[in-house]
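Step one of this worksheet: look at the structure below.
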């Protein structure tokens with residue numbers, strides 16, 4: 001492992017519930033978690049266990065009903081929607097199961113999209129986009145649109161887009177769920193390399209034990225609580 005012992009993420013006594021009429025649906029219950037900087041963390045558990053909800057809280061997509069979420073020294077659980085949107089743009093890179101690429105844009109243009117929100121010069125944007133595409137091995141595909149790329153190549157574009165802003169966190173929700181076995185292995189190799197060479201903190205939700213084994217640590221969620229913790233060797 002290349003991570004330090006300094007927690008970059010702290011989840012403190014977090015509850016998340018929703019109301020359906022008079023009924024309260026508890027999704028996360030008194031959950032506490034520290035994620036050291038540079039760790040590749042796998043989150044597993046059955047559907048409805050709260051994995052994606054926890055990921056969304058840490059990524060600033062949602063806020064807890066009770067408790068606190070800290071990333072670095074920022075208490076993101078206290079931020080409003082506008083503050084969270086601003087914070088996410090600069091601090092979080094997202095990798096999705098179904099890529100979420102715009103079909104009318106080239107690989108280059110899809111990767112550039114997050115940078116358009118940051119007010120960078122065209123020259124600076126170009127430098128960062130080309131670096132990100134080079135990192136994922138797609139320097140020769142920058143003008144290709146998603147429809148001209150394989151699923152594995154599209155996910156590489158997705159990872160380049162997640163990296164292009166140099167985020168503090170990368171959150172990946174089932175990043176290999178739509179890929180064949182060979183492409184999935186290649187994407188997991190790439191995420192592992194990103195974690196180690198760039199010392200990026202990665203949080204990955206997965207149903208696939210083979211994918212989870214690539215993580216430094218696996219956490220299991222069951223009915224909104226951490227029920228098992230295993231170190232991967």
State which residue is nearest to residue 174 (Cα to Cα) when the search covers only region 113-130 and only residues that are surrounded by fewer than 17 Cβ atoms within 10 Å (Cβ to Cβ) and touching a residue at least 24 places away in the same chain (Cβ under 8 Å).
113
Of all residues in region 28-44, count the ones that are part of a loop (DSSP other than H, G, I, E, B) and buried (at least 23 other Cβ atoms within 10 Å of the Cβ).
1
For region 90-112, what are the residues that are surrounded by 15 or more Cβ atoms within 10 Å (Cβ to Cβ) and more than 20 Å from residue 151 (Cα to Cα)?
91, 92
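Values quoted throughout were computed directly from the atomic coordinates according to the rules given, and no laboratory measurement underlies them. For clarity, every value in this text was computed on a predicted model and none was experimentally measured. Positions of Cβ are generated from backbone atoms using ideal geometry, with glycine treated the same way; all protein chains shown enter the neighbour counts.
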